[in-house]
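For reference, the structure discussed in these notes is given below.
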Amino acid sequence: MVGKARSSNFTLSEKLDLLKLVKPYVKILEEHTNKHSVIVEKNRCWDIIAVNYNAIGVDRPPRTAQGLRTLYKRLKEYAKQELLQQKETQSDFKSNISEPTKKVMEMIPQISSFCLVRDRNHIQSANLDEEAQAGTSSLQVMLDHRPVAITVEVKQEEDIHSAPKEITVSKGQEEEPASLVKYFSVVWCKASKKKHKKWEGDAILIVKGKSFTLKNLDGKDIGRGIGYKFKELEKIEEGQTMMIGGKEIEVMGVISPDDFSSGRCFQLGGKSPAISSFSQTIKKCFSNPLKSVCKPSSKENRQNSFQNCKPRHDPYAPNSLVMLRPDDNHQWMFNKNCFAIVDVVIDPHLVRHLRPHQKEGIIFLYECVMGMRVNGRCGAILADEMGLGKTLQCISLIWTLQCQGPYGGKPVIKKTLIVTPGSLVNNWRKEFQKWLGSERIKIFTVDQDHKIEEFTKSSFYSVLIISYEMLLRSLDQIKNIKFDLLICDEGHRLKNSAIKTTTALISLSCEKRIILTGTPIQNDLQEFFALIDFVNPGILGSLSSYRKIYEEPIIISRQPSASEEEKELGERRAAELTCLTGLFILRRTQEVVNKYLPPKIENVVFCRPGTLQIALYRKLLNSQAVRFCLQGLLENSPHLICIGALKKLCNHPCLLFSSIKEKECSSTWDKNEERSLYEGLINVFPADYNPLMFTEEESGKLQVLSKLLSVIHELRPTEKVVLVSNYTQTLNILQEVCKRHGYAYTRLDGQTPISQRQQIVDGFNSKYSSDFIFLLSSKAGGVGLNLIGGSHLILYDIDWNPATDIQAMSRVWRDGQKHPVHIYRLLTTGTIEEKIYQRQISKQGLSGAVVDLTKTSEHIQFSVEELKNLFTLHESSRCVTHDLLDCECTGEKDHTGDSLEKFSVSRNCQLGPHQQKSDSLKPLSMSQLKQWKHFSGDHLNLTDPFLERIRENVSFFFQNITNQTTAM
Ligand SMILES: Nc1ncnc2c1ncn2[C@@H]1O[C@H](COP(=O)(O)OP(=O)(O)OP(=O)(O)O)[C@@H](O)[C@H]1O
Ligand SMILES: [Mg+2]
């Protein structure tokens, strides 16, 4: 029991008065115990009890009369259980349970009715006789500052918030519609024609009939007007801007009459007279009720704790997204000053846009950075697959923490640092603007024209967005700024603690750290450690102990030779590791947004090589360099040079020609490997070969590409194409093709200045742009970009690392895409490209778990056997990949393998077999590919008009459709 009020022979109005009297007391109790209160009436004496609803299995404060009854029942059950336990154990249970719980237990048998104090404004009492039926009970509601007694018929599941609509007011205060008063929170500035307005401050707009008053947060009138059209004033809504009395205002939200009349709407900005007088009243009426709960360190603190104790947004509003309240332990650690506990509620303006998985993600991020998930650790990894809106989730978090906090409503953070790849700096800015507009939050992006000093000098900005490269250059300045939250976008690059970027970021003292990545991070246990250790330093112990405890047993357990015992140990350790880190890692797969996206038609297109390509390919395979490789003479990595040459040749022979010519002139030509590889090759080219005059026929893929572009242009004149290559030189060729055919194009590669990148992306995405093609270097711009302006994406070449390709493919099939998406992955039949593809999709290829953007062929170890396979040209096969599938079809008609289970997206997570997680970013396996529709280029009656047009140069197709509808 924490408070007592004596009463005798209560009449209803006395009861109400009493309620009014105890209310401030109850309020303080609630705020300082983070619990909700129940008033228990016994022998005309009211006991105010703090109840932790969670402890009795009620997940939130009841909002309906029915809810009250449930709560009452639960309390009884709880008490019974506790008593039973007490009998059983006869232990010192009384000292283990909280005082209020004991009180409830003692009193439960005698309770005849109780009052629930739901929040400061609503005190509700109900007759809680068990016999009471919904629909017949009477409920008395009293609203503060409006001493009206209201009697309502209780309906089941009736929401208290909507109750005023249902009630019959006995002492009415309702006004005629013509004189209806409305209140809005607004921002204002002096009227000006400037594009970028500087808002001067917050204000309250009061609209009454045809007139208005504008008050600043000190309550002073700063504008008045009369004679406005009633209709205009009646239609005012959030987001609207208006000119009123020489001032421009933007409406930020509606204020309830109650909030206005109580004066709470003025609280946000500063000390309002309403607050101080309120606290005075409390002090006068009651002795210090905080004594037993906690001791505020000073008078100011006590006063502070009464300020801002109202949530910024209504936690009980329908669809409100409310963060978890801190538990006792958290309060003990982080609320030393005993500030009032205030609900942190996500801005409804944002909530209405959020997908369900994003709401969960925000709750997760909030709990992580607040240190609520792992005691005192404030790091998180949000590893949602690409396109799931990690940016929006972070923006929501920043905006929330910057304005709110659970302790006295005090904002948790002041400044945020976002570090991101250069090409995404402006994308972040755009996303902030998209979701929050330009007035709510001030962000600063560092680029050539905007130096970091500007941010340092001004207190105007709260968010700094900077590229990884720029961060290194301006580290000294950044270290001088105190950041409260650090977000590392595409943060898988921090997987090595020895690299400069990681050490630089570690050197910033900010402890709330978030890594965002769309790329799986659990595939390499050492890199995994680095990421974990970055966000939550030390949580896995030292690297050496981590290796001993987790890495070694897990790796040993995966080897074919592992004993049963080793397997079991490895699995257990993996499970433990997942469990430990799972508290602050969140990964959701693309499937959660699939339903919001249009269909995706993915094609793997096997293109017949041109005659010149075949001749050159044979010559390369017969070179001395390749022969040496096959003998296992791999010093100086000659196989990498051979692989590079074959890949170039597949893209276009002219690339090979240019590089031979280039090498001939350079000093490195002396290198034996290159000379022995290229020897005699130039003679295979026609004598007058000019690489600048290349033809499409010389490359199988280029021929297919050219036809594909032409059919898209013809059949879908309003749709656009993203054309991706890993190589700048190849992009040059593709660009030349665009020029030759007169296609308007735009281009983004490693050379594109960062400051121009977003502009290029925006231009392409705009429906007014005439660009037909977006030439994209996957290495430069593959990650994070939104290219939803394009609905066709062509991957001109393949990378060893499936993640690079998947990243690129995810640029167009994402939120905002309006058209069905067509993806074409071009491979040259029978060549190394098929082998790389097979490696991407085969189990063997994945065993090394090379699912990381920065892994290149240099990181891959090849056995001589593998090199033999790699350096074979299969001239007679229509599709070597299909040959390997063990599929009985001949490719003559649409075939979909049916002998295996239907394609399933469940794939192994590296941390152990029982930790299977759906992860649609892992490349599909051979058996899954078999489930795709497949057919040869000679197949009659192709239903896909695009494939129909290119079939002449194509030996084989695989096709898969996701989210199929009839429209294609
Ligand atoms: N709830 C939503 N409603 C509509 N559009 C959304 C929503 N959430 C995100 N988007 C949009 O989806 C696109 C992808 O979001 P975002 O760039 O944040 O993805 P991401 O998870 O960071 O992906 P990546 O790993 O590729 O960087 C953006 O254009 C974003 O504005
Ligand atoms: Mg992103």
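The values are calculated or read from the model by the stated rules, or taken from the named source; none is laboratory data. Because the structure is predicted, anything quoted here is derived from the model rather than measured. A quick note on method: Cβ atoms are made from the backbone with ideal geometry, for glycine too, and the neighbour counts reach across all protein chains shown.
The table below lists the values:
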quantity: Residue within the range 532-548 that is among the aromatic types (Phe, Trp, Tyr) and within 21 Å of ARG377 (Cα to Cα) present; calculated: yes
quantity: Per-region count, the range 322-349, residues buried (at least 19 other Cβ atoms within 10 Å of the Cβ) and within 16 Å of ligand 1 (Cβ to nearest atom); calculated: 2
quantity: Some residue of the range 541-556 being more than 16 Å from ligand 1 (Cβ to nearest atom), among the aliphatic types (A, V, I, L, M) and over 28 Å from ASP384 (Cβ atoms); calculated: yes
quantity: Residue within the range 595-603 that is under 22 Å from LEU867 (Cβ atoms) and in contact (Cβ under 8 Å) with a residue 60 or more places away in the chain present; calculated: no
quantity: Residue in the range 373-385 that is of a type in the set (Asp, Glu) and either away from ligand 2 (no atom under 16 Å from the Cβ) or surrounded by fewer than 22 Cβ atoms within 10 Å (Cβ to Cβ) (or both) present; calculated: no
quantity: Among residues of the range 370-396, those that are within 16 Å of ligand 1 (Cβ to nearest atom), part of a loop (DSSP other than H, G, I, E, B) and under 22 Å from ALA530 (Cα atoms), counted; calculated: 4
quantity: Filter result (surrounded by 23 or more Cβ atoms within 10 Å (Cβ to Cβ), closer than 19 Å to HIS349 by Cα and not β-branched (Val, Ile, Thr)) within the range 386-398; calculated: LYS390, GLN393, CYS394, SER396, LEU397
quantity: Checklist (1) of a type in the set (A, V, I, L, M); (2) under 26 Å from TYR366 (Cα atoms); (3) free of Cβ contacts under 8 Å to residues at least 40 places away in the same chain applied to ILE481, failing item; calculated: (3)
quantity: Pairs, first in contact (Cβ under 8 Å) with a residue 12 or more places away in the chain in the range 501-521, second among the basic types (Lys, Arg) and within 12 Å of ligand 2 (Cβ to nearest atom), C-beta under 6 Å, six or more apart; calculated: LEU516/LYS390
quantity: Checking ASP524 against (1) within 21 Å of the chain's Cα centre (by Cα); (2) buried (at least 18 other Cβ atoms within 10 Å of the Cβ), the condition it does not meet; calculated: (1)
quantity: Condition broken by LYS359, with the remaining ones in (1) near ligand 1 (Cβ under 10 Å from one of its atoms); (2) touching a helix residue (DSSP H, G or I) at 6+ places or on another chain (Cβ under 7 Å); (3) closer than 28 Å to PRO326 by Cα satisfied; calculated: (2)
quantity: Conditions (1) more than 20 Å from CYS510 (Cα to Cα); (2) within 16 Å of ligand 2 (Cβ to nearest atom): number failed by GLU439; calculated: (2)
quantity: Flag if ILE754 is buried (at least 20 other Cβ atoms within 10 Å of the Cβ) and in contact (Cβ under 8 Å) with a residue 12 or more places away in the chain; calculated: no
quantity: ASN869 vs. criteria surrounded by 17 or more Cβ atoms within 10 Å (Cβ to Cβ), at pLDDT 85 or above and either within 30 Å of THR581 (Cβ to Cβ) or of a type in the set (S, T, N, Q) (or both); calculated: no
quantity: Residue in the range 581-601 that is of a type outside the set (Phe, Trp, Tyr), in a helix (DSSP H, G or I) and over 30 Å from CYS394 (Cβ atoms) present; calculated: no
quantity: Filter result for the condition that a residue is under 25 Å from the mean Cα position of the chain (by Cα), polar (S, T, N, Q) and more than 16 Å from ligand 2 (Cβ to nearest atom), over SER474, SER467, SER497; calculated: SER497
quantity: Hits in the range 763-795 (condition: touching a residue at least 40 places away in the same chain (Cβ under 8 Å), surrounded by fewer than 23 Cβ atoms within 10 Å (Cβ to Cβ), within 16 Å of ligand 2 (Cβ to nearest atom) and not small (Gly, Ala, Ser)); calculated: ASN786
quantity: Pairs where the first residue, in the range 940-962, is under 19 Å from LYS930 (Cβ atoms) and the second is of a type in the set (Asp, Glu) and at pLDDT below 90, C-beta under 8 Å, 6+ apart; calculated: GLN959/ASP944
quantity: When residues of the range 811-827 are limited to those that are buried (at least 22 other Cβ atoms within 10 Å of the Cβ) and charged (D, E, K, R), the one farthest from ligand 2 (Cβ to nearest atom); calculated: ARG825
quantity: Failed item, numbered, when ILE555 is tested on (1) under 30 Å from THR804 (Cβ atoms); (2) within 29 Å of the chain's Cα centre (by Cα); calculated: (2)
quantity: Test set (1) acidic (Asp, Glu); (2) touching a residue at least 60 places away in the same chain (Cβ under 8 Å); (3) away from ligand 1 (no atom under 15 Å from the Cβ) - GLU367 fails condition number; calculated: (2)
quantity: Sole exception among (1) within 16 Å of ligand 1 (Cβ to nearest atom); (2) part of a strand (DSSP E or B); (3) under 24 Å from PHE455 (Cβ atoms) for TRP399, by number; calculated: (2)
quantity: Residues satisfying the stated conditions in the range 386-415, i.e. within 16 Å of ligand 2 (Cβ to nearest atom) and closer than 15 Å to VAL369 by Cα; calculated: GLN393, CYS394, ILE395, SER396, LEU397, ILE398
quantity: Candidate set from the range 332-364 (those that are free of Cβ contacts under 8 Å to residues at least 60 places away in the same chain and outside any helix (DSSP H, G or I)); member that is farthest from ligand 2 (Cβ to nearest atom); calculated: LYS336
quantity: Check on PHE460, among the aromatic types (Phe, Trp, Tyr), away from ligand 2 (no atom under 16 Å from the Cβ) and in contact with an Asp or Glu (Cβ under 9 Å, 6 or more places away or on another chain); calculated: no
quantity: Matching helices (runs of 4 or more DSSP H) fully within the range 750-843 where at least 1 residues are more than 16 Å from ligand 1 (Cβ to nearest atom), modelled with pLDDT under 95 and farther than 30 Å from HIS874 by Cα; calculated: 754-765
quantity: Answer from GLU576, GLU635 - the residue that is more than 23 Å from LEU795 (Cβ to Cβ) and part of a helix (DSSP H, G or I); calculated: GLU576
quantity: GLY518 within 12 Å of ligand 2 (Cβ to nearest atom), at negative phi, crowded, with 24+ Cβ neighbours inside 10 Å and at pLDDT below 90; calculated: yes
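Residues checked against (1) of a type in the set (Asp, Glu); (2) assigned to a loop (DSSP other than H, G, I, E, B); (3) at pLDDT below 90:
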| position | (1), (2), (3) |
| --- | --- |
| HIS914 | no, no, yes |
| PRO923 | no, yes, yes |
| GLN928 | no, no, yes |
| LEU942 | no, yes, yes |
| PHE946 | no, no, no |
| GLU952 | yes, no, no |
| PHE957 | no, no, no |
| THR966 | no, yes, yes |
